[in-house]
Every structure is written in C-alpha cells, then in structure tokens.
Amino acid sequence: LLPMLVGTEIYGSKLWIIIGPFSFQPGELAKILIVLFLAFYLASNREALSVSAVHLGPLSLPRFRMLLPMFIMWGISLLLVVFERDLGSALVFCVIMLFVTTGRVSYVIISLCLLAIGFVFCYHFFGHVQTRVDIWLNPWQDPSGSGYQIVQSLYSIADGGLTGTGIGKGMPTLIPVVESDFIFSAIAEETG
C-alpha cells in the first residue's frame, strides 16, 4: 500500500518507491508475502479445507468461514490492481496454491469465478485495465504508441530465433523498461 501514498508513477503505474539513486517495487515483496501467508494458512488448514465442504450438486464447495482469509487476500489484491494499476499475478497464486493444498477442482472453479468477476469489474470501471487488455489482445493496433513495448518485445524474440543472437549480441535495450517488464524477451533474443 506504500506506493499509493508516496510512490512514483512510471509508465502509467504507481508502483515505484524512489529513494535517492535507488528504486524498488514494494508490490514484488508483497507478492512474496502473500504467497507465504497463503502457504501458512493453507498448510495449517489443509485437512479442514479438504473435508469441510458443502455439496451443491456435483460440486463440493468449501464452507465460507474456511475461505474468509482467502477472500480478504483476494480483496486486497484487487485493491492493488485498482489503485496501483498493477495487473500482476498475486491473484493467480491463490488459485494454484488452493488446488495444490486441497486437490479439489471445485475450489479452483470458485477461485477462477472470483477472478473472472474481479476482472470483469476492473475492465468495465477502470480505463487503464481496458487499455492494457486491448494492448495484450492486439498490440499491432497501435504499434508505435500504446503497443510499442509489446511489439518491440515480439521483434526481439523473433530476432533471436531458435538459437539466439549470442550473449551480448542482441539489442534488448530497444524494449522500454526491459530490465523489469520483459526480461524473458531479452533472454530469448540472446539465447534462443
């Protein structure tokens, strides 16, 4: 939540804390902490989550009180998406970790439904979410404007081909903010 108060907006996302010559994204640390919280909660309640269920037709649904902490974390993650414009992977961790812990497909279905509801809400009410989704679906619609970063990333990967250009022989710096947003593209260009 710190970037919402004292953060610096870079490329449309208010994710960065800048102190002198150093900058960092507290959201990345928060993602690790969310994973640790979920791991602890799910590990300590594994049996209760696996057994405690309400049957609704073919689905075995968890009791609400067992998933309340998950709903709280989902809400916090959704707030971060809205206020910091960070469309990161914190919400996906919930789905994967819940399935690994319980082995129940119904929990994954519920999590995916919550993700879909949150996504549809954010898409319809926040312009920056619409813009990012539209860019993701078709970066070629505005290749020199809003889609520039993704288009450059795709060119970089294509330039590397199957075998890569060689370490230090690629030009991944043509991708804006390559060091934090498109590390995979830089590696793929040089190593294939």
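The values are calculated or read from the model by the stated rules, or taken from the named source; none is laboratory data. All figures in this text were calculated on a predicted structure; none of them were measured in a lab. Glycine gets a Cβ as well: all are built from the backbone with ideal geometry, and neighbour counts include every protein chain shown. Calculation scope for accessible area: heavy atoms of the full protein, side chains included, ligands and nucleic acids excluded. Shrake-Rupley method; radii C 1.70, N 1.55, O 1.52, S 1.80 Å.
Things worth noting here:
- Test: residue in region 71-88 that is at pLDDT below 70, in a helix (DSSP H, G or I) and farther than 30 Å from VAL133 by Cα: no
- Check on ALA39, at pLDDT 75 or above, hydrophobic (A, V, I, L, M, F, W, C) and within 20 Å of the chain's Cα centre (by Cα): yes
- Sub-6 Å Cβ pairs linking a first residue in region 119-148 that is touching a residue at least 24 places away in the same chain (Cβ under 8 Å) and more than 17 Å from ILE175 (Cα to Cα) to a second residue that is surrounded by 12 or more Cβ atoms within 10 Å (Cβ to Cβ) and of a type outside the set (A, V, I, L, M, F, W, C), at least 6 apart or interchain, are HIS128/ARG85; VAL129/TYR123, ordered by first then second residue.
Table: residues versus (1) open to solvent by 40 Å² or more (accessible area, probe 1.4 Å); (2) assigned to a helix (DSSP H, G or I); (3) within 18 Å of VAL178 (Cα to Cα); (4) of a type in the set (A, V, I, L, M).
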position: PRO3; (1), (2), (3), (4): no, yes, no, no
position: GLU9; (1), (2), (3), (4): yes, no, yes, no
position: LYS14; (1), (2), (3), (4): yes, no, yes, no
position: ILE17; (1), (2), (3), (4): no, no, no, yes
position: SER23; (1), (2), (3), (4): yes, no, yes, no
position: LEU29; (1), (2), (3), (4): yes, yes, no, yes
position: ILE34; (1), (2), (3), (4): no, yes, no, yes
position: LEU38; (1), (2), (3), (4): no, yes, no, yes
